[in-house]
Each structure stands twice: as structure tokens, then as C-alpha cells.
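All of the numbers you see were taken from the coordinates with simple rules; none came from a lab. All values reported here derive from a predicted model rather than from experimental measurement. Neighbour counts are summed over all protein chains in view; Cβ atoms, including those assigned to glycine, are modelled from backbone coordinates with ideal geometry.
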Amino acid sequence: MKFLLLVLIITLLLARVTPVMKCWGKSGRCRSTCKEGEVFHILCKAGIKCCVDPKYVPVKPGSSNM
């Protein structure tokens, strides 16, 4: 019975995890600091960064250095 109660408590605690906020067309995630290799160009709500993998960031036209 104690084991069942422990499993129930752990399950309820895990269910209360806050959902991840998506941004940049659902390709990015809102975080206070970006992981290595991620970039940010816009901010999410509350001033946190929208961290996006660079392969999802479009290249600006006319930005080539030729």
C-alpha cells in the first residue's frame, strides 16, 4: 500500500511540470539562456529569449559578402 501511495505522489509531481513555451513557428523554445549552438533573434513573453537552431533561421536577402 505504501508503494502505491509513493507511485501516486511521484506521478502527480511529474504531471505538474510546466509546459514548454514554443516560438519561431514552433521551431524554437523560450528559455532564459540558449544552449550551445542555438541563436536568438526575438524575445518571448517576459523578456526571455526564443532559442532557435540556426538551420531554422532564414538567411536575409542581400547579406552575402561578395
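Quick notes
- Against the chain, whose longest principal axis comes from its Cα atoms, helix 2-15 is set at around 20 degrees.
- Projecting the Cα positions of T11, V57, G28 onto the charge dipole of the chain (unit charges on Cβ atoms of Lys, Arg, Asp and Glu, taken about the Cα centre) puts T11 furthest along the positive direction.
- Across the chain, Cα pairs under 8 Å and at least six residues apart give a relative contact order of 23 percent.
- For the chain, the Cβ-based charge dipole about the Cα centre amounts to some 180 debye (Lys, Arg positive; Asp, Glu negative; other atoms uncharged).
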